[in-house]
1. Taking R0 as 51 Å, what's the FRET efficiency between B:Asp220 and A:Ser226 from their Cβ-Cβ distance, rounded to 0.05?
2. All other residues with a Cβ under 10 Å from the Cβ of A:Ser226 taken together, and with Lys, Arg as +1 and Asp, Glu as -1, what is their net charge?
3. Taking beta carbons within 10 Å but only from partner chains, what does the mean come to for residues A:155-162?
4. Projecting each Cα onto the charge dipole of the protein assembly as shown (Lys/Arg +1, Asp/Glu -1 at the beta carbon, about the Cα centre), which of A:Leu140, A:Ser316, B:Leu168 comes out farthest on the positive side?
5. Compute the relative contact order of the stretch B:223-316 as a whole-number percentage, counting only Cα pairs closer than 8 Å that sit 6 or more residues apart in sequence.
6. Between copies, how far does the label point of A:Asp20 sit from its twins, in nm, shortest first, when each point is 7 Å from Cα along Cα→Cβ?
7. Which of the DSSP-defined H helices in chain B satisfy a minimum axial length of 24 Å, computed from C-alpha atoms, and a minimum mean Kyte-Doolittle hydropathy of 1.0?
8. For the pairing of chain B with chain A, what total accessible surface becomes buried, with a 1.4 angstrom probe, in square angstrom to the nearest 100?
There are 2 protein chains.
Amino acid sequence: MPTKAEFNINIENYLRVQRDLIDRHFKTLLDDNKYTNPKELWDPVKYSLFNGGKRVRGILCLATYESIIENKLSCEDIDYDCKTVACSIELIHAMSLIHDDLPSMDNDDFRRGKPSNHKAFGEATAILAGDAMLSLAFQLVAENTKKISKEQKNEIVKFLSRAFTLGLVPGQILDLLPIKEKNNLKTIENIATLKTAELIKASVMCGASIANKYEANNPDIKKALSHIESFGLKIGVAFQIIDDILDVTSDTKTLGKTSGKDEKQNKSTYPFVIGIESSKKMAQDLVLDAKSELKRIPIESPVLYSLADYILNRIS
Amino acid sequence: MPTKAEFNINIENYLRVQRDLIDRHFKTLLDDNKYTNPKELWDPVKYSLFNGGKRVRGILCLATYESIIENKLSCEDIDYDCKTVACSIELIHAMSLIHDDLPSMDNDDFRRGKPSNHKAFGEATAILAGDAMLSLAFQLVAENTKKISKEQKNEIVKFLSRAFTLGLVPGQILDLLPIKEKNNLKTIENIATLKTAELIKASVMCGASIANKYEANNPDIKKALSHIESFGLKIGVAFQIIDDILDVTSDTKTLGKTSGKDEKQNKSTYPFVIGIESSKKMAQDLVLDAKSELKRIPIESPVLYSLADYILNRIS
């Protein structure tokens, strides 16, 4: 039986509101001459940043922050900081997609229904735009936060850099291996954790870190953090499983990227290794597990429950 | 007439000792299972990191730190931190070379006398290895420093991210423009400043920031910092001018990378725009100017003078 927390969230509405919040904050941050010239760099960056992405990772950061921070402690400046970090997370995600789509990687001509970055601006520019976005993610944390402490900034730099250096990149590298080396559940679980779940985990941990400004040494909060971390990892793996399933079952128009690519590229995926039905079951179980992590912490987090369901039920 | 400070430095010896120091510290930092597996990522990273690079930028960071910090204030832990930051700087420089050499960029098959990263490991891996190195640079600052304050870490993240996001990448992007758009002194000065001098400036500023641990609010130190910043910018531009000259006058074996590439690739360079002799004169004047910045600060900095001369007189 669902808890009270699982009711009453109109998730589509919530996602739209939060996505707009992140997009507006992005535009505020980038509304500066230094992010306009040279246009040969910043036009491509903005092309990929504002292409209708769902902002799931940034929203998870905001939602975790909002769930933990008590209303009395919240203030405009910390909200601002959390939005900045959400933008940093989205920068890292967006740059990883630009590099993923390159001819030497997945060689995908489309992303979210538009030509991918290198198709629109050329390969050299796409590589450099991605590089700048990765560095900008850390720059925003250092420069464009108002209220969080230097200690928190440092923790956020750690979360994000580790998720990328020790998660996303190794995950991508393993994903490039010949299919015979990864055609088993253990390996694809490892790849999904690295390339997808680690950044999603970092997203919720960044939100939690910002919310804990006033309570960094509270032992209850520390315990809660480990459940939030597990929540992030579990919905992260579920996210990748659903991605794999959608690649098989959806069409290019709905996905906004070329469907059926995994099979053509000899990618090892959950449906390929254990079949579509078992993959669905596994994602459902992970989301159930993730929710049970939330039930063990003294935090009202209806949006986190709803976001976990959304990740499971999304169609693109 | 040279000052006392300009005497008595055996620069070749100094460079060798400092380079070894950085290399050993790199090996200590990377001697961890998380930087070993997957070997498909970390072998390529180490291939490019340990290829006999001169470590000029990291050494400039160390030398500035050593020049400013007083012996009584120096301690093993701050030395450690400075070496870590020197490694971060070298990671950023090394990843920029990997991406530069890619077929869609400069398409160079050799780097320091060995096959460039993508020739040895393939294009996808070279792109991802570079990405991981950029992120690792920030991770080391956040994780692998012992004594510097969170405030200093944040300042270093700022210096490095700005040098990359607003310097190196825009510089590279402008360098890709058609030659007719950049065949003038103003434009090549701008490109040299962005793509080369900003990171060299950041290198000396990082060293200064670490040395100022105990004196961040000392007004004399603040004034000195602006001269150190100018010193970094000026030797940085001189460095690029000499690079341009060596591309014309040196051979592939001495350079360790393909010589004469700039002309073939329609790059606009100092020798192309103002001739070799005027380029040499300009580099000499910049180094003189840079040294005069040092003369205006109450710091004994013989190695910084010698490093400026080395940048001017180097043959590779």
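The values are calculated or read from the model by the stated rules, or taken from the named source; none is laboratory data. As the structure is a prediction and not an experimental result, all values here were calculated from the model. All Cβ positions, even for glycine, are placed from backbone atoms using ideal geometry, and neighbour counts span all protein chains on display. Ligands, DNA and RNA are stripped out before the accessible areas are found, and what is left, the full protein with its side chains, is counted by its heavy atoms. Shrake-Rupley method; radii C 1.70, N 1.55, O 1.52, S 1.80 Å.
1. On the way: r = 48 Å, r/R0 = 0.94.
Once the sixth-power term is evaluated, E becomes 0.60.
2. Within the 10 Å Cβ shell, the charges total +1.
3. Values: counts 2, 1, 10, 5, 1, 4, 12, 6.
Per residue, the number of nearby Cβ atoms from other chains is 5 on average.
4. It is A:Leu140, whose Cα lies furthest towards the positive end.
5. Details: 97 pairs, mean separation 40.2, N = 94.
Across the stretch B:223-316, relative contact order equals 43 percent.
6. 6.5
7. Answer set is B:123-143.
8. Details: alone 14670 and 14640 Å², together 25380 Å².
Chains B and A together bury approximately 3900 Å².
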